[in-house]
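In what follows, a single structure is set out as structure tokens and then discussed.
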Amino acid sequence: MTDTTGPILAADGTPLKRKLMQAMFRTRARALGLVLPLIAFIAAFFIVPIVAFLFQSVHDDTYASRMPRSTAAVAKWDGTSPPTEEMAAALVADLVDARKNKTIGQVATRVNRELPGTRSLFTSTARKAKKMKPPYMEALVKKDREWGDIAVWQAIKVAAKEYTPAYLAAAVDAKYNADGSIVAQDENRRIHIKLFGRTLEISLLVTIFCLILGYPVAYLLSTLPVRTSNLLLILVLLPFWTSLLVRTTAWIALLQAEGVINDLLVVFGVTTDDQRFSLIYNKTGTLIAMTHILLPFMILPLYSVMKTIPPSYVRAARSMGATGWTAFWRVYVPQTIPGVGAGAILVFILAIGYYITPALVGGQEGQMISNIIDFHMRKSLNWNLAAALGLFLLIFTLMCFWLYDRIVGIDNMKLG
């Protein structure tokens, strides 16, 4: 009798299961080879730069690499006892080298971030450091009494750490002390939490306004004849053919005190000439301009979903005795939820990182967290704090995305 319990063999005697696995492996390898250039491109030009930039939120060797002696000296100091002569001698030696190497400006700027006002202290002391004689602590205090203030040395100790949570703490309006504690920032320096809150508020309001305005437009486009809806759809897509800067500037012309909208309100008697509405360079201007700019991103997902809903469902509900409103609310709207979800998350994610439009029309009241990131990147050149703010903005965005998934569900999101 023949044994039929063994593995099925191919013509060459190899088990058929192994042959199948080899064929599948070759297919997957070819597929991976096709997408490998894309993966390498994304990793090299997207993931690596972002990770490298965000890494700066916890890494800053500006002081440690340029002032090695004082870095080693303050590392032994507890941060509360009086500064030692060893620390003073190391600092003077480093100041001499920093001035010679023309890096004293970078060092002074780094310490100044921890204790405002110390930049001039460092630069002026560096000019005299070469002539100082022991005891160095007395020489430093003689040059400037601020060297006797323990707060200056605590700032040096914090700045000397190559890996530090100081920028992460500053991003949430806190302060990292020399003893390792994190405390709340002074009241007059707390701006980031307020900006994060304003960013969330504006993003949510823009999303709601886009939904209120975009839903009826998408419904109209989906119910009109194809020829008419295509013509109207061109009007929806028209803003994409216009520069963002041009669209934003147009709103400045419309909303300013002497603009078109205020002129019309005066003509129709809604307001008087000396009591014109303030519609620009505030939160109102930011909301209006961003709603207009992001409205197509809400209309298009809604339209693509509404176009697939058979009108017979609503007719069937009406034939069974439902009113027009009941049929619309109980039958039609639930089927558009995937489009609502796609449009809402798309508009919200885009709004939360906007900075050009708020910078142009927002004034002081309409600024968002992205504007302060731009400020630190281009003006204050504090890239470490900008990276910390960017990291928290990324975490904040991912948390909102996770919350959306828990409440609505990513599976319920459709783009068509």
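Laboratory data are not the source of any read-out in this text; all were calculated from the coordinates shown. Since we're looking at a predicted model, the values are computed, not measured. Cβ: placed from backbone, ideal geometry, glycine included. Neighbour counts: every protein chain shown.
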Enumerate the calculated ³J(HN,Hα) couplings along region 91-107 in order (Karplus 6.51 cos²θ - 1.76 cosθ + 1.60, θ = phi - 60°), each rounded to whole Hz, writing x wherever the residue is Gly or Pro. 5, 4, 4, 5, 5, 4, 5, 5, 5, 5, 8, 6, 10, 5, x, 5, 5
Ranked from fewest to most other Cβ atoms within 10 Å of their own Cβ, Trp147, Trp153, Trp383, Trp241 fall in the order Trp241, Trp383, Trp147, Trp153
Nearest-0.05 FRET efficiency for Gln106 and Leu38 at R0 = 35 Å, using Cβ-Cβ distance, is 0.35
Computed over the Cα atoms, what is the radius of gyration of region 302-369 divided by 2.2 N^0.38 Å, N being its residue count? 1.72
When only C-alpha pairs under 8 Å and at least 6 residues apart count, what is the relative contact order of region 192-412, in percent? 27 percent
Any idea what Rg and Dmax come out to for region 192-412 if you just take the C-alpha atoms, in Å? 20.4, 67
Along Cα→Cβ, 7 Å out, is where each label goes; now give me the distance between the ones at Gln335 and Glu201 in nm to one decimal. 4.0 nm
Per the charge dipole of the chain (beta-carbon charges, Lys/Arg positive, Asp/Glu negative, Cα centre), the residue among Leu393, Ser181, Gly366 reaching farthest to the positive end is Leu393
Alpha-carbon Rg with Dmax, taken over region 1-146, Å: 32.3, 108
Whole-percent tail of the Cα-Cα distance distribution for the chain, cut at 33 Å, equals 58 percent
Summing -39500 (n - 2.57) over every DSSP H run of at least 4 in the chain, dividing by its residue total and rounding to the nearest 500, the 222 nm mean residue ellipticity is -20500 deg cm²/dmol
Where only C-alpha atoms are counted, convex hull volume of region 344-416 per residue in Å³: 107 Å³
Using r as the Cβ-Cβ distance of Arg378 and Lys17, and R0 as 56 Å, what FRET efficiency do you calculate, to the nearest 0.05? 0.35
What are the ³J(HN,Hα) values, in whole Hz, obtained from phi via the Karplus relation 6.51 cos²θ - 1.76 cosθ + 1.60 with θ = phi - 60°, for each residue of region 244-258 in sequence order, with x given for Gly and Pro? 4, 5, 5, 4, 5, 5, 4, 5, 5, 5, 7, 9, 5, 4, 9
Directionally averaged shadow of region 65-159, computed from the convex hull of its alpha-carbon atoms, nm²: 5.1 nm²
Counted neighbours (other Cβ, 10 Å), sorted fewest up, put Leu300, Leu231 in the order Leu231, Leu300
Express the relative contact order of the chain as a whole percentage, based on alpha carbon pairs under 8 Å and six or more residues apart in sequence. 16 percent
Projecting each Cα onto the charge dipole of the chain (Lys/Arg +1, Asp/Glu -1 at the beta carbon, about the Cα centre), which of Ala43, Val141, Pro239 comes out farthest on the positive side? Ala43
